[in-house]
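Peer 1: Please read through the structure below; I'll follow up with questions.
The values are calculated or read from the model by the stated rules, or taken from the named source; none is laboratory data. The model shown is predicted, which means the values in this text are computed figures rather than measured ones. Cβ: placed from backbone, ideal geometry, glycine included. Neighbour counts: every protein chain shown. The accessibility values were calculated without ligands, DNA or RNA, using every heavy atom of the protein model including side chains. Shrake-Rupley method; radii C 1.70, N 1.55, O 1.52, S 1.80 Å.
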Amino acid sequence: MSEPLGSKGTTWPRNAWYVACTPDEIAQKPLGRQICGERMVFYRKASGDAVALEDFCPHRGAPLSLGFVREDLLVCGYHGLAMGCKGQADNMPGQKVRGFPPIRSFPIVERYGFIWVWPGDAEQASLDKLHHLEWAESDEWAYGGGLFHIKCDYRLMIDNLMDLTHETYVHASSIGQREIDEAPVKTRIIGDEVHTSRTMDSIKAPPFWQMALRGAGLDGDSTVDRWQICRFSLPSHVMIEVGVALEGSGGYEAPMDRKAASIVVDFITPETETSHWYFWGMARQFAVDNELLTDEIREGQGGIFSEDLDMLEQQQANLLLYPERRLLKLNIDAGGVRSRMMIDRVIAAECEEASKGSGTGFEQVAA
């Protein structure tokens, strides 16, 4: 089978929580970021609570992100118009501005070490719809990660993460090995997630996992059983359970002292139809107090994802250059295809709801 190589227009679910930024990005000054096609500005009030507004000054249209914070107000850096946290004009030197129509504010919540934003109908925003992340709340886990801006359709990254066959070729010097190609892939729908998985028994660990084994206090040269379980969930998150266990210890089910196991964390936030923000990291349950190991894993993972970045941006360039050409669908693509189908169904439902005249709900809800 084949599918169009290009797209007639990339869209994304709007009524969902997306990672907007990390807390440190708004620690000192406002942050401007485009998310799901919306230009937003993020800042903290005097209380420390995070705020998300349109990045648009209603006076002359300047980006509010170029301004500064004064107590709870965001002051435009162009002419000094001060905006309140609900998007209302508050004051301006020598001017009466409180009659200005408000700009849009967005529901926002800080949790799990990230700041999340809801770009859609604020009346539908609910904390119950934020995925629970056990690894982010427990002292039994360690986490380290980073952020990339990638110039490609966010769905290409989902394809990439739901089919790890590319590791053999793109990441040959770190996590790739020929056994990945040889292991059959299983794709399933489990609840509201798409799962793809493969196991590789009685193999030598690739360089990255040799390092992880040593970090877990095990012999990096040991023969191991390896697993990869990719889990896609809406709107665009992929959590990948990965690891190696000493051969014959039970693989995925092996006791903690016989394996090095982690979750590769992937939050993919659309920016435009051909770009996205990629918040990546790794959560692990071994040597959790070893900060040097966290730094080493972060550095290694960052190098691995840099290789993906180059490939994906070049892929996007080809898609734009040859929009009429078509791609083959293979069995290894099933995870990405099923994930896209799930995204498309949600978008279709949102469009149907909008056509029935549902509220726009632009007011911010309490987080």
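Peer 1: So for the range 255-329, taking the charge dipole from beta-carbon charges (+1 Lys/Arg, -1 Asp/Glu), which of 322, 270, 285 sits furthest toward the positive end?
Peer 2: 322
Peer 1: If you don't mind, another one. Anyone know which of 133, 74, 66 comes out most mobile in the 10 Å Cα GNM of the chain?
Peer 2: For the chain, modelled as a Gaussian network with Cα springs under 10 Å, the answer is 133.
Peer 1: Dipole size in debye (nearest 20) for the chain around its Cα centre, Lys and Arg Cβ +1, Asp and Glu Cβ -1?
Peer 2: The dipole of the chain has a size of about 1240 debye.
Peer 1: Now a separate question. List the cysteines of the chain that have no other Cys Cβ closer than 4.7 Å: which are they?
Peer 2: Singleton cysteines: 21, 36, 85, 152, 230, 351.
Peer 1: Still on this structure, please answer the following. At 7 Å along the Cα-to-beta-carbon direction for both residue 190 and residue 129, put a label point, then send me their distance in nm to one decimal.
Peer 2: With each label placed 7 Å out from Cα toward Cβ, I get 2.5 nm.
Peer 1: Output the pairs from 186/259; 29/356; 151/259; 96/129; 151/204; 129/259 with a Cα-Cα distance over 29 Å in this structure; if there are none, say none.
Peer 2: 29/356; 151/259; 96/129; 151/204; 129/259
Peer 1: Compute the distance in nm between two label points, each set 7 Å from the Cα along the Cα-to-Cβ direction, one at residue 247 and one at residue 321.
Peer 2: Distance between label points: 4.5 nm.
Peer 1: What figure in square angstrom, to the nearest 10, would you give for the accessible area of residue 155 with a 1.4 Å probe?
Peer 2: Surface open to solvent at residue 155 totals about 30 Å².
Peer 1: Students sometimes get this wrong: rank 294, 272 by accessible area, probe 1.4 Å, all chains present, largest first.
Peer 2: The residues order as 272, 294, largest area first.
Peer 1: A follow-up question, please. Among 11, 116, 234, pick out the residue whose Cα is farthest towards the positive end of the charge dipole of the chain, where Lys and Arg carry +1 and Asp and Glu carry -1 on C-beta, about the Cα centre.
Peer 2: Checked the options; the winner is 11.
Peer 1: If R₀ is 45 angstrom, what is the calculated FRET efficiency for the pair residue 309 and residue 353, using the beta carbon separation as r and rounding to 0.05? The partial results should precede the final answer.
Peer 2: On the way: r = 35 Å, r/R0 = 0.78.
With R0 = 45 Å, the Cβ-Cβ based efficiency is 0.80.
Peer 1: Let me ask another. How big is the accessible area of residue 97 in square angstrom, nearest 10, if you roll a 1.4 angstrom probe over the protein chains?
Peer 2: 10
Peer 1: Moving to a separate point now. Please compute the modelled spin-label separation between residue 290 and residue 72, points set 7 Å along Cα→Cβ, answer in nm with one decimal.
Peer 2: If labels sit at residue 72 and residue 290, their model points lie 4.8 nm apart.
Peer 1: So for 112, 78, 252, 278, what's the accessible-area order with a 1.4 Å probe, most first?
Peer 2: Descending accessible area places them as 78, 252, 112, 278.
Peer 1: Next question. Only four residue types carry charge here, +1 at the Cβ of Lys and Arg and -1 at the Cβ of Asp and Glu. Report the dipole size of the range 227-305 about the Cα centre in Debye, rounded to the nearest 20.
Peer 2: Working: 5 positive and 12 negative charges, 46 e Å.
Dipole of the range 227-305, to the nearest 20 debye: 220 debye.
Peer 1: Step through the residues of the range 326-334 one at a time and calculate ³J(HN,Hα) from phi using the Karplus curve (6.51 cos²θ - 1.76 cosθ + 1.60, θ = phi - 60°), rounding each to whole Hz and writing x for Gly and Pro.
Peer 2: Listing the rounded values in order: 10, 9, 7, 9, 10, 5, 5, 8, 4 Hz.
Peer 1: Find how much the distance from residue 96 to residue 47 grows on full extension, using 0.36 nm per residue of separation minus their present alpha carbon separation; answer in nm with one decimal. Please list the in-between numbers first.
Peer 2: Working: separation 49, 0.36 × 49 = 17.64 nm, distance 2.68 nm.
Taking residue 96 through residue 47 to full extension adds about 15.0 nm, to one decimal.
Peer 1: So how do 254-264, 222-232 stack up, highest first, on mean other-Cβ count within 10 Å?
Peer 2: 222-232, 254-264
Peer 1: Starting with the highest mean, order 85-92, 144-151 by the number of other Cβ atoms within 10 Å, averaged over the residues of each peptide.
Peer 2: Ranked from most to least packed, the peptides come out as 85-92, 144-151.
Peer 1: Also: With θ taken as phi - 60° and the coefficients 6.51, -1.76 and 1.60, list the Karplus ³J(HN,Hα) couplings across the range 261-273 in order, rounded to whole Hz; mark glycine and proline as x.
Peer 2: After applying 6.51 cos²θ - 1.76 cosθ + 1.60, I find 10, 8, 10, 7, 9, 9, 9, 10, 10, x, 9, 10, 5 Hz.
Peer 1: Related question: How much mean residue ellipticity at 222 nm does the chain get from its helices, if each DSSP H run of length 4 or more adds -39500 (n - 2.57) and you divide by all residues, to the nearest 500 deg cm²/dmol?
Peer 2: That calculation yields -7000 deg cm²/dmol at 222 nm.
Peer 1: How would you order 197-208, 157-168 from highest to lowest mean count of nearby Cβ atoms within 10 Å?
Peer 2: Result, highest mean first: 157-168, 197-208.
Peer 1: Suppose every K and R has +1 on its Cβ and every D and E has -1 on its Cβ; what is the size of the dipole of the range 1-122 about the Cα centre, in Debye to the nearest 20?
Peer 2: My answer is approximately 320 debye.
Peer 1: With point charges of +1 on the Cβ of Lys and Arg and -1 on the Cβ of Asp and Glu, referenced to the Cα centre of the chain, which listed residue (27, 100, 133) lies farthest in the positive direction of the dipole?
Peer 2: Checking the options against the dipole of the chain, the answer is 100.
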